[in-house]
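Undergrad: To start, I am sharing the structure in question, which I have written as structure tokens.
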Amino acid sequence: MGAFFRKIILFAPLSFLFYSLMILVVGELGNSMWKKNLVNSGLSYNYTINRLEEAENIEDIDILFLGSSHTLRGLDVRIFQTHGLKTFNLGTISQPPTETIKLLHRYIDRMDPDKIIIDTCPDIFMSDGLGSEIDIMINSPISLYTILRALDINQLKLYNTLIWRGWQQAFSLESRLPQPNTSRYVPGGYLERVLRFNNDSKDLSSRRWNPKEAQLRALKEIIELCKVKKIELLLVYIPVAPSYYNTQLDLPYFDSLMSSQGTYHNYNNYLDLNDSIQFEDNTHLNQLGVEIFNQALIRDLMQPLN
Amino acid sequence: MLFDSIEFAVFLPIAFLLYWLSVRISVKSQNLIVVLSSYVFYGWWNPKFLFLILFSSITDYLLGILLSKTDQQNRRRLLLYLSIAINIGILGFFKYYNFFLNSFIESFTFFGATLEAEYLDIVLPVGISFYTFQTLSYTVDIYRRKMQATTDILAFLSFVSFFPQLVAGPIEKAKDLLPQFLVSRRFDYVEAVDGCRQALWGLFKKAVIADNCAHLVNMVFTEPSSHSGSTLLFGMVFFSFQIYCDFSGYSDIAIGISRLFGIRLTQNFNFPYFSRSLTEFWRRWHLSISRWFTDYIYRPLGGSRTSKPKILRNVFAVFLLSGLWHGANWTFIVWSLLCVILIIPSMFTGSNRRYLDTVAQGKHLPSLKECWLMISTFSINIFLGIFFRAPSIAVAFDYIASLLTPDIFSIPNFGGHLGAVRTLTLISFMMTVEWFGREGKHALDNLTTSISRPVRWIFYSFIIFLIGMYMSTDSIDFYYFQF
């Protein structure tokens, strides 16, 4: 049996070396068809690398925004600046509460916000957080922190991406992932998109809300953390296209559940927005919609809703 | 616990180490580790299932002892019938209660009467069809005086619950497997290394080929009429590879892991897609259940050494039971009928004994005739697969009607071509490896004699890479778990 174990001990590292080299080869040379369990492009189109780099130097802000693409494309730090509010947008793709809590632990003390606003749309509670994790991983340097997070999520795609990122870093192959010319990064974390109008809101089928327990637990952790740190927390449902909004069957339940967690505003109910004019697609405001929503939010922050 | 899960990756080394450490103590301690680890493995799905397997095991253990202690034929027959009634009763209740109830009610509805009955919300225990047949073989073989009953309860529990083959076979006959648990196992380096190789190849077939095919197959079988004929045609091909790689992949993993534990299981698949006729195909597909039906149903009925009407009856009985064993659905019954219709001519003409060897034995490539025979046999099988996979007869006919349309010549559409093209490429790789390994007991069996160690290790690492890069990340149960 000794010989058997010796062979295994010899084979395992050699095999891992071959495996990781193949990841590098396929990651650099393969097209998307051959990168099934490797994500090294696509998700980067949200300037996450710029956002995370800037986040390392942000201190003492008034409001910190967290959440999914609804947040990073829906909360314009410039509009808040005009009202004298220093804000930072730490939204990432598909960021569910399990990811939000990790980002909070990492940045909350240095940023020391007076207020935290988190986007709580129903879909995000149904996510496993993989998309957000990969978005962060491919846009930040490998560290013990990223490795621990990969182990925590425990998904093959994440491990492969981690290996690819490791090679990139080891051989200084890093080049900024190509960013599209339809959007630009605004210092403070906001992602501004070229103005477009939504024409997707037809034939939408109704959907049920099936949240993951882990996401609901993570939301409670966020609330607890904010209480401990004595930071005011506001849960916000950022507007989506009305025709899309109305396809959700469990909205009353969702609204009552969120309301029971703390201060919660569903802006889909407060604002009269048009499917096409104020939206870029079914789930994202365009710049016209962002302006209306942000002004309403600022007004409510200054003078709370009843 | 699934073979391709993280839990199993942790469980297996622990069970392996405990098992081989216990060899220094006694055979009983080795069997105790087998039973405990098997019960942990099985209970991982649902601990309640453990009561059922324990009940089934103890019943047959006691009936086996009683059978061996009496020479009175009537009493022996009674004990055998009791064993059959209990085992088939449990299987029938869990697997067929709702099916027969529904069929009964529908037959009354057909004649204008209305019946009301209560359906039960029954959860089918994983692997029940497999271990029930295995324990049945024990009492039947004792009744036939082909083996002695064991009084070693731990060995018997190990035989019924041995975790590598517990939930999806191969179905082992008691006289082949039980004696292995009565003696001390010794670690065999060559067996263990080849076991790892076989399990690796099985994992590749399951995680990469079967699971990726499953996504494409589910897409077309959900609503066949919304797909083009060409997409449905490819859907049939993908299903053939899904079911083969799922089941043979599981068998390879089971046999490979068993070899790590010093236990030899019977070969369950012998490269069936390289068959030149349907009868050759059935000699190479799911061998363990074919052997079971041959020994306990076909031969007792007279086999093929009887009159032609009786041969027809015997073949029909075997395929009907085989169809029903797969599931409580009329689709399996139609599937078995079609198999009988296609096989019977060769039984009557004697051509069923053709092609007993391996195709293109000792050669790299087959002849044109062999290619044609293999392709035509495969084509028949993919057609039969429609009835095997469709959730109902209506969907199966809908599938066939939608298939036979002019757009069968169009480009297939699986919601983007990437997944389908990638899967076809991986299938080609798998079939190439299997072709060159077809004369061995598994696809990588002959690798040690044909290539040097560095190349071999690179090849194994390449398979590991293919698993890591292309396995389906959605957890998909083994297809045969439902049976």
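The values are calculated or read from the model by the stated rules, or taken from the named source; none is laboratory data. All values derive from a computational prediction rather than experimental measurement. In this analysis, Cβ positions are derived from the backbone assuming ideal geometry, glycine residues included, and neighbour counts consider all displayed protein chains.
Undergrad: Restricting to segment B:268-299, count the residues that are within 25 Å of B:Asn212 (Cα to Cα) and in a loop (DSSP other than H, G, I, E, B).
TA: 7
Undergrad: OK, next. In segment B:143-159, which residue that is touching a Ser or Thr at 6+ places or on another chain (Cβ under 6 Å) and not in a loop (DSSP other than H, G, I, E, B) is surrounded by the fewest Cβ atoms within 10 Å (Cβ to Cβ)?
TA: B:Leu157
Undergrad: Quick one: B:Ile458 ticks every box in (1) crowded, with 18+ Cβ neighbours inside 10 Å; (2) within 14 Å of another protein chain (Cβ to nearest Cβ); (3) modelled with pLDDT of 90 or more bar one, so which box is it?
TA: (1)
Undergrad: Working only within segment A:100-120, note down all residues that are without any contact (Cβ under 8 Å) to a residue 40 or more places away in the chain and closer than 25 Å to A:Arg208 by Cβ.
TA: none
Undergrad: Separate question: Give the residue that is nearest to A:Tyr245 (Cα to Cα), with candidates limited to residues of segment A:121-170 that are assigned to a helix (DSSP H, G or I), small (Gly, Ala, Ser) and without any contact (Cβ under 8 Å) to a residue 24 or more places away in the chain.
TA: Ranking the qualifying residues of segment A:121-170, first place goes to A:Ala150.
Undergrad: Here's a follow-up. List pairs: first in segment B:1-26 and within 11 Å of chain A (Cβ to nearest Cβ), second among the basic types (Lys, Arg) and part of a loop (DSSP other than H, G, I, E, B), Cβ under 8 Å, 6+ apart or cross-chain?
TA: B:Val23/B:Arg185; B:Val23/B:Arg186
Undergrad: Something else: Of all residues being within 25 Å of A:Ile101 (Cβ to Cβ) and in a strand (DSSP E or B) in segment A:186-221, which is modelled with the highest pLDDT? Just the residue, please.
TA: Here the residue is A:Tyr190.
Undergrad: Does B:Arg354 qualify as being within 13 Å of B:Arg283 (Cβ to Cβ) and touching a residue at least 12 places away in the same chain (Cβ under 8 Å)?
TA: Taking the combined requirement at face value, the residue satisfies it.
Undergrad: Every residue in segment A:98-126 that is basic (Lys, Arg) and either at pLDDT 90 or above or under 14 Å from the mean Cα position of the chain (by Cα) (or both), please.
TA: Result: A:Lys102, A:Arg110, A:Lys115.
Undergrad: Please go through segment A:130-170 and pick out each residue that is closer than 17 Å to A:Lys212 by Cα and away from chain B (no Cβ under 14 Å).
TA: Hit for segment A:130-170 is A:Ser132, nothing else.
Undergrad: Considering only residues of segment B:405-439 that are assigned to a loop (DSSP other than H, G, I, E, B) and at pLDDT 90 or above, which is nearest to the other protein chains (Cβ to nearest Cβ)?
TA: This residue is B:Gly437.
Undergrad: How many residues are part of a helix (DSSP H, G or I), buried (at least 16 other Cβ atoms within 10 Å of the Cβ) and among the hydroxyl-bearing types (Ser, Thr, Tyr) if we restrict to segment A:21-55?
TA: 1
Undergrad: Does B:Leu444 fit the bill of being surrounded by 15 or more Cβ atoms within 10 Å (Cβ to Cβ), modelled with pLDDT of 90 or more, away from chain A (no Cβ under 14 Å) and within 23 Å of A:Ala12 (Cβ to Cβ)?
TA: When the stated conditions are applied, B:Leu444 passes them.
Undergrad: Would you mind stating whether A:Ile23 is facing chain B (nearest Cβ under 9 Å), of a type in the set (Val, Ile, Thr) and closer than 30 Å to B:Asp188 by Cβ?
TA: no
Undergrad: Do any residues in segment A:1-16 that are within 7 Å of chain B (Cβ to nearest Cβ) have Cβ atoms under 6 Å from those of residues that are assigned to a helix (DSSP H, G or I), where the two are at least six apart or on different chains, and which pairs are they?
TA: A:Ala3/B:Tyr189; A:Phe4/B:Tyr189; A:Phe4/B:Ala192; A:Ser15/B:Ser461; A:Ser15/B:Ile464
Undergrad: A further question on this structure: Determine which member of the set B:Ile297, B:Ile253, B:Ile263 is touching a Lys or Arg at 6+ places or on another chain (Cβ under 9 Å), surrounded by fewer than 23 Cβ atoms within 10 Å (Cβ to Cβ) and at negative phi.
TA: None of the others qualify; the one that does is B:Ile263.
Undergrad: Let me spell it out: the conditions are (1) surrounded by 15 or more Cβ atoms within 10 Å (Cβ to Cβ); (2) at pLDDT 90 or above, and A:Glu224 meets all of them except one. Which number is the exception?
TA: Going through the list (1) surrounded by 15 or more Cβ atoms within 10 Å (Cβ to Cβ); (2) at pLDDT 90 or above, A:Glu224 breaks only (1).
Undergrad: Here are B:Leu324, B:Leu337, B:Leu320: which of them is under 18 Å from the mean Cα position of the chain (by Cα), without any contact (Cβ under 8 Å) to a residue 40 or more places away in the chain and part of a helix (DSSP H, G or I)?
TA: B:Leu320
Undergrad: With respect to B:Pro391, is the statement that it is at pLDDT 85 or above, within 16 Å of B:Leu233 (Cβ to Cβ) and out of contact with any helix residue (DSSP H, G or I) (no Cβ under 7 Å at 6 or more places or on another chain) true?
TA: no
Undergrad: Does B:Phe234 satisfy the condition of being within 23 Å of B:Asn446 (Cα to Cα), hydrophobic (A, V, I, L, M, F, W, C) and modelled with pLDDT of 90 or more?
TA: no
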